[in-house]
Amino acid sequence: MKFSTTVVRAGISPDPTTGAIVPPIYETATYTLEEVGKNKGFDYTRSSNPTRALLEKNLAAIEGGKYGVAFASGMSSVDAVMRLLSAGDHVVSGDDIYGGVSRLFDRILSRYELSFTYVDTSQPENIVKAIRPNTKMIWVETPTNPLLKITDVEAVSKIAKEHNLLFGIDPTFATPYLLRPLEWDVDLVVHSTTKYLSGHNLLIGGIVITNNQDLHEKLKFMQKSVGAVPSPFDCWLTLVGVKTLPLRMERHCSNAMAVAQFLDNHPKVEKVIYPGLPGHPQHEVARRQMKDFGGMISFELKGDIESGITLMNNVKLCSLAESLGAVETLITHPVTMTHTEVPKEVRLKRGLTDSLVRLSVGIEDVEDIIADLEQALGKVK
C-alpha cells in the first residue's frame, strides 16, 4: 500500500462484533480469563491492550517497520531505548537535542554510570572521532531541536554497522511522511506521538519502532515492567489523528516554506534556519533524504533576548506555547522555555542564542500567519 493508504488502513479492520469502522476504545484495566492459564492474549492493560496493540501495528507500518512499542510520552520512549544499555556503556549523541533529553542524559542516566559525548552529527566524522571502546550506541535527532541540523542517516548507519553499535534516531520533526530511517537499516526509531503523528495538541505519547525482534522483546518487557504506557483513550486519539498526517504535512511544509522566505527577507531578522532554504548548511542532504522540508523554522532576531521576548509577547494568531507539530501555529523561545536547563556556555557554543525563536508552522492560512508575524515584528526595536 502507498503511504496515504497505510496511515488510514494499516492494522485497522471493522470491529468483528458490531462492524464499527472506527476501532472501539478498550477502556479497561483488566480482562476475564476463560480459565486458569488461558486468555485471549490480554490479561492486564499495563501488559497489553487491544487499542494500544492497534496503534503499535499501525505506526510500525507507517514507519516501514515490523514492531512498535508505545509509551506514555516521547521522553519515556527515549528512556526505554537507553535502558537497553548497561552501566559503563557510552553513547555518542547529537549535541543539538531537545532539552528534556539532555536533562535525562546528564542528570538522571549519568547517575547510573551511562556516559554521553555530544557532537555535531551533521558532520559524520565527528561521530567516528567520539567513539570509545565502551561505546554502544549512536543517538541522533534529525532535524534537530531547535537548530534544525540535518544528519545524513545513511552515512551514520554505515558508521554504526562498521563499529557494531546500536543506532537510535528521533525524526519527530520529520515524521514518517518525510523521512523513514529504517530504510537505511537504523535499529531504533523514536517519535513523540504528542507532535505531528497525533497532530492536534490533545495528548502526550511516544513510540519506538524497530525491525529487530530481540530489541522488540526487550522493549516490550520494559514497557510491561516499568508501566509507562499510554491510556487506551490516548492511543485511540492518536489512531484518529494520524489518518490525516499526509494532508497535514503537505500544508505544514508549504506554509513553512512561505513563512521562511518571508522571514529571510525581513530587516529585523538576522538569520533563518530552515532546511528548505538553499542557504541551509545541510540543504542538499535534506533534499536527498527527505520528501519535503517540514513545518519547523528557527530564526534569530537582530538584538538581544528582549527582541525575542517582545516578538512573542505581541503575536496574536501564533500561540506562545511549548510543544510543536499541531494544526495550530506555535511560537517558542527556547532559552526561556524548552532549553532553560542547558548551561548558557553550552548552548551558546552550540549556536542556541538568546534571540533564537522556534516556530512550529500550523495549517492556518499562510497569509494570516505571515500577517501576524509581520505586526509582531513591527513591535521589535
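Any read-out appearing in this document is the output of simple, stated calculations on the displayed coordinates, not a laboratory observation. These numbers come from a predicted model, not from an experiment. When we count neighbours, we look across all protein chains shown, and the Cβ atoms used for this are built from the backbone with ideal geometry, even at glycine.
Between the helical axis of 153-162 and the dominant principal axis of the chain, each derived from Cα atoms, what acute angle in degrees is found, rounded to the nearest 10?
Orientation of helix 153-162: about 60 degrees from the principal axis.
Would you calculate a helix-derived [θ] at 222 nm for the chain, using -39,500 (n - 2.57) for each DSSP H run of n ≥ 4 and dividing by the full residue count, to the nearest 500? Don't skip to the answer; put the middle values down first.
Working: 14 runs with 137 residues, N = 381.
Mean residue ellipticity, 222 nm, calculated: -10500 deg cm²/dmol.
Quick check: net charge around ASN255, other residues with Cβ under 11 Å of its Cβ, Lys/Arg +1 and Asp/Glu -1? Don't jump to the answer; show the numbers that get you there.
Numbers: positive: ARG248, ARG251; negative: GLU250, GLU364, ASP365, GLU367, ASP368.
Residues near ASN255 contribute -3 overall.
Taking the chain as the reference, fit the longest principal axis to its C-alpha atoms, fit the long axis of helix 366-377 to the helix C-alpha atoms, and give the angle between the two in degrees, 0 to 90, nearest 10.
Here the helix axis deviates by roughly 50 degrees.
How much net charge surrounds SER360 when only other residues with a Cβ under 11 Å from its Cβ are counted (Lys, Arg +1; Asp, Glu -1)?
0
State, to one decimal in nm², a quarter of the convex hull surface area for the C-alpha atoms of region 232-304, i.e. the direction-averaged projected area. List each step's numbers first, then the result.
Working: hull surface 27.2 nm².
If you wrap the Cα atoms of region 232-304 in a convex hull and average its projections, you get 6.8 nm².
Does region 284-336 classify as rounded, prolate or oblate by the C-alpha gyration tensor (a ≥ b ≥ c root eigenvalues; a/c under 1.5 gives rounded; else a/b over b/c gives prolate, otherwise oblate)?
Verdict is oblate for region 284-336.
If one computes the Cα centroid of region 279-309 and of region 8-43, what distance in Å separates the two points?
Comparing the Cα centres of region 279-309 and region 8-43, I get a distance of 44 Å.
Just to confirm a number: summing +1 for Lys and Arg and -1 for Asp and Glu over residues other than ASP43 whose beta-carbon lies under 12 angstrom from that of ASP43, what do you get?
Values: positive: LYS38, LYS40, ARG46, LYS224; negative: GLU34.
After counting each charged neighbour, the total is +3.
Please list 3J(HN,Hα) in residue order for region 92-100, calculated via the Karplus relation 6.51 cos²θ - 1.76 cosθ + 1.60 where θ = phi - 60°; whole Hz, with x for glycine and proline.
Those phi angles translate into 8, 10, x, 7, 9, 10, 3, x, x Hz.
For a protection proxy built on the mean count of beta-carbon atoms within 10 angstrom, sort 182-188, 133-139, 205-211, 57-63 highest first, please. Display every interim value, and only then the final one.
Numbers: 182-188: 20.1, 133-139: 18.1, 205-211: 26.6, 57-63: 23.9.
Result, highest mean Cβ count within 10 Å first: 205-211, 57-63, 182-188, 133-139.
Which whole-number value in Å³ per residue fits the convex hull of the alpha carbons of the chain?
Working: hull volume 52.9 nm³, N = 381.
Hull volume normalised by residue count: 139 Å³.
Need one word for region 325-381: rounded, prolate or oblate. Basis is the Cα gyration tensor (sqrt eigenvalues a ≥ b ≥ c); a/c below 1.5 gives rounded, then a/b vs b/c decides.
Numbers: a/c = 3.38, a/b = 1.78, b/c = 1.90.
Because a/c hits 1.5 or more and a/b fails to exceed b/c, region 325-381 counts as oblate.
Can you give the Kirkwood hydrodynamic radius for region 177-336, in Å, rounded to one decimal and based on Cα pairs? Working shown, then result.
Numbers: mean 1/r = 0.0557 Å⁻¹.
Roughly 18.0 Å, rounded to one decimal.
Can you list the equivalent-ellipsoid semi-axes of region 245-377, largest first and in whole Å, using the square root of 5 times each Cα gyration tensor eigenvalue? Don't skip to the end; give the middle numbers.
Details: eigenvalues 94, 66, 41 Å².
Values for region 245-377, descending: 22, 18, 14 Å.
Helix 50-63 versus the longest principal axis of the chain: what angle, 0 to 90°, nearest 10, using Cα atoms?
On a 0 to 90 degree scale, this one is about 50.
Rounded to the nearest 5, what % of the DSSP beta bridges within the chain are antiparallel ones? The partial results should precede the final answer.
Numbers: 23 of 41 bridges.
Of those bridges, close to 55 percent are antiparallel.
When the expected Rg is taken as 2.2 N^0.38 Å, what fraction or multiple of it is the alpha-carbon Rg of region 1-140? Write out the running numbers ahead of the final one.
Numbers: Rg = 20.1 Å, N = 140, 2.2 N^0.38 = 14.4 Å.
After normalising by residue count via 2.2 N^0.38 Å, the value is 1.40.
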